[in-house]
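This report refers to the structure that appears directly beneath it.
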Amino acid sequence: MILDKFLDAIHEFHLIQKGDQVCVACSGGRDSTALLHLFLEIQRDWDISLYLGHFDHGIRASSAEDLRFVRTLASSLKIQLFTESADVPSFAKENKLNLEEAGRLLRYEFLDRIANTIGKAKIATGHTMSDQAETFFLRLLRGSGSRGLAGIYPVIDELVIRPLLKIEREEIEDYLVSKGIEYRVDESNFDPSFLRNRIRSDLIPYLQNNFDPKIVPHLGKLTSLLMEEDKLLDSLAATKARDVLLEREDRVALDVKKLFRLPLAVQRRVVRFFIQALRGDLRKISYEDVEQILKLHEGKEYSLKESLVIKREQGMVYLKEEEIPKVQYDYSWTSDQVLNIEELGMRLEGTRREDMEFSSLRFDNDREAYLDWSKLKFPLLVRNRRDGDRYQPLGSPGRKKLKEIMRAKDIPQSERDRHPVFLSGDEIVWVLGLPVSEKHKVTPETNEVFVISAILDGVPKPK
């Protein structure tokens, strides 16, 4: 019966093919020992080459005995054994991880190296249907979404396979007893300080005794359904992400308008793709992180893990780069000279014109301004923007904050200090890239026009 379920999983999830090389992750415990012997039963028919991998976490005093057990097992079966040990508690402390997460990370790195050493080997782990049920409750209690509740996947990256996911722990025990196979007992599995152990020893038996004795297989069916739906949503989100995720100058960005046209469930997954593109993985990324990015307002920032700052600007969400030092400059400018603003790599030219017809003026060049000469007081002050700057742009009914005008014009915050502010006396008459002041505008009655032209010379000179 157990062998049939083992083979069912192999066929249903396409875990191995004939002639494959398989490394069994073997702790010496009940599940991994049973996994090894089940593979031995099909080894000849499937023409598979078997290897063993044992990782010592450096946590339990009995781990040396576990290693001796696995060495003896490998020797008696004439199977090549790969071993490695690590100080998981120290690694967990250094990287701010819990013991379970740190151990899993180091263990899978070790197993991945084995697969590469052997050459295209599959890594088989002993996760059972009972582990699946425990994982479901563990993640439910931690507030996971549907992806987390789907639990343990039978195949990861066509490398890690889990052939025991259709088999309950009690069936494993019966199999080992019937075959007279010995195995090691991990005493940490009885430590109530671990939530998983309390779920295993308290919660699931309580539900089996008081609600449904088949809760474990029922959860196995539920997680299987969640996996299939997760795959479908992921496929849909991946298709949409190709349109929503943009690459600009080696930077990945989210197009907010396109993102918000998608259903909310797909939005969340696209945001996860975005985060994964930035970090390389989704470790420690929570539901709250995704929601905060979705709720990010224009001009606002959100600090993700590892000091990554996400920013929304000009309808795009992207990883904020290192803060550019604030550009400071302050010049007095008369009309008869060219003004070089070295901090910006820019020069300003001013021309006094008496022969300009109002109808001939072009107002579509944001690097050029036309002002009524008679309304100006020289020298003009040319400086970077400052807190509290206000002026009345052409056509506006009143004065507005400069930062609000710049925001409305979609000028990135990082670029705003690079737009010089021109003042006549204490009044702003123009800001590069914005309309001139209503008070100083040219009208059909204007006799003399002062034309300002801004020319970029290239890269700003360092101060």
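Every number in this text was worked out from the coordinates using simple rules, so none of it is lab data. This is a predicted model, so every value here is computed, not measured. Cβ atoms come from the backbone with ideal geometry, glycine included; neighbour counts cover every protein chain shown.
A few comments on the model shown:
- For the chain, the dipole from Cβ point charges (+1 on Lys and Arg, -1 on Asp and Glu) about the Cα centre works out to 680 debye, to the nearest 20.
- When you restrict to C-alpha pairs under 8 Å that are six or more residues apart and normalise by the size of the chain, the relative contact order lands at 11 percent.
- Pair-distance profile P(r), taking every C-alpha pair of region 133-251, with 5 angstrom steps and integer %: 2, 9, 13, 18, 18, 15, 9, 6, 4, 4, 2, 1, 0
- Applied to region 365-378, the Karplus parametrisation 6.51 cos²θ - 1.76 cosθ + 1.60 on θ = phi - 60° returns per-residue 3J(HN,Hα) values of 10, 7, 10, 9, 9, 10, 10, 6, 4, 5, 9, 9, 10, 9 Hz, with x for Gly and Pro.
- With contacts taken as Cα pairs under 8 Å and at least 6 residues apart, region 65-155 reaches a relative contact order of 14 percent.
- Peptides 256-265, 289-298 ordered by average Cβ neighbours within 10 Å, highest first: 289-298, 256-265
- Close Lys pairs in region 141-275 (alpha-carbon distance under 18 Å; sequence gap of 8 or more, or different chains): 6.
- Summarising the label geometry, the points placed 7 Å from Cα in the beta-carbon direction at K400 and K120 lie 6.3 nm from one another.
- Normalising the average separation of contacting C-alpha pairs (under 8 angstrom, six or more residues apart) by the number of residues puts the relative contact order of region 116-208 at 34 percent.
- Couplings 3J(HN,Hα) of region 75-92, computed from phi: 5, 5, 9, 6, 10, 5, 10, 10, 10, 7, 10, 8, 8, 4, x, 5, 4, 5 Hz, in residue order, whole Hz [Karplus 6.51 cos²θ - 1.76 cosθ + 1.60, θ = phi - 60°; x for Gly and Pro].
- The chain: calculated mean residue ellipticity at 222 nm from DSSP helix runs of at least 4, using -39500 (n - 2.57): -11500 deg cm²/dmol
- In angstrom, the C-alpha Rg and Dmax of the chain are 33.7, 108.
- Between 0 and 90°, nearest 10: helix 169-179 axis offset from the chain longest Cα axis: 30
- The C-alpha atoms of the chain define a longest principal axis, and helix 30-46 lies at about 80 degrees to it.
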